[in-house]
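**Q** Below you will find the structure I want to go over with you.
The values are calculated or read from the model by the stated rules, or taken from the named source; none is laboratory data. The structure presented is a predicted model; accordingly, all values stated were derived computationally and were not measured. Using ideal geometry, Cβ is built from the backbone for each residue, glycine included, and neighbour counts are taken over all protein chains shown. Just so you know, the surface numbers come from the protein's heavy atoms only, side chains and all, with ligands and any DNA or RNA stripped out. Shrake-Rupley method; radii C 1.70, N 1.55, O 1.52, S 1.80 Å.
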Amino acid sequence: MRARTAAVSYTHQEPGESGEQALVRELREELGVEAEPLERIPGEWPLKPGYVLRVWTVRLVSGEPSPLEDHDELRWLAPGEADTVDWLDQDRPAVAEAVRRLLDASRA
């Protein structure tokens, strides 16, 4: 489902920048793509003191994602393939929620 993709990214929000703006900037810097935020998946998952993980669905506008900065690997996953990744423990609940929502959307 490349048109509607969950983006799991550790985004640093700059002063005066909205969450959506930070997401778009980080995806451009780290993956070399332009993306349009669609929906923030409800919830925040704690990472370490002062940091939380937020997950968005996005539409890929242009570019072919590649691991430019801060990433060793990048790959597309079908919702049923999420278990093939050795996620960090703090990422697992957010990924499970993203997969659940993507599966629900594909059935609608």
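**Q** Within region 92-104, count every residue that is over 16 Å from Leu27 (Cβ atoms) and either touching a strand residue (DSSP E or B) at 6+ places or on another chain (Cβ under 7 Å) or part of a loop (DSSP other than H, G, I, E, B) (or both).
**A** Residues flagged as over 16 Å from Leu27 (Cβ atoms) and either touching a strand residue (DSSP E or B) at 6+ places or on another chain (Cβ under 7 Å) or part of a loop (DSSP other than H, G, I, E, B) (or both) within region 92-104 amount to 5.
**Q** Continuing with the same structure: Counting just the residues of region 11-36 that are of a type in the set (Asp, Glu) and surrounded by fewer than 19 Cβ atoms within 10 Å (Cβ to Cβ), which one comes out farthest from Leu68 (Cα to Cα)?
**A** Per the criteria, the residue is Glu17.
**Q** Pull up region 85-101, narrow it to residues that are under 14 Å from Val55 (Cβ atoms) and among the acidic types (Asp, Glu), then point me to the one that is most open to solvent (accessible area, probe 1.4 Å).
**A** Glu97
**Q** Within region 49-67, identify whether any single residue is of a type in the set (D, E, K, R) and surrounded by 12 or more Cβ atoms within 10 Å (Cβ to Cβ), and answer yes or no.
**A** The answer is yes; a qualifying residue exists.
**Q** Within region 68-84, work out how many residues are of a type in the set (S, T, N, Q) and open to solvent by 90 Å² or more (accessible area, probe 1.4 Å).
**A** The number of residues fulfilling the criteria is 0.
**Q** Anything in region 59-91 that is assigned to a loop (DSSP other than H, G, I, E, B), without any contact (Cβ under 8 Å) to a residue 24 or more places away in the chain and out of contact with any helix residue (DSSP H, G or I) (no Cβ under 6 Å at 6 or more places or on another chain)? List them, or say none.
**A** Scanning region 59-91 gives Asp72, Glu73, Arg75, Leu77, Val85, Asp86, Leu88.
**Q** Also: Output the qualifying pairs, or none if there are none: Cβ atoms under 6 angstrom, residues six or more apart or on different chains, first residue in region 29-41 and closer than 23 Å to Pro93 by Cα and in contact (Cβ under 8 Å) with a residue 24 or more places away in the chain, second residue open to solvent by 60 Å² or more (accessible area, probe 1.4 Å) and assigned to a strand (DSSP E or B).
**A** From region 29-41, the pairs are Leu38/Arg59.
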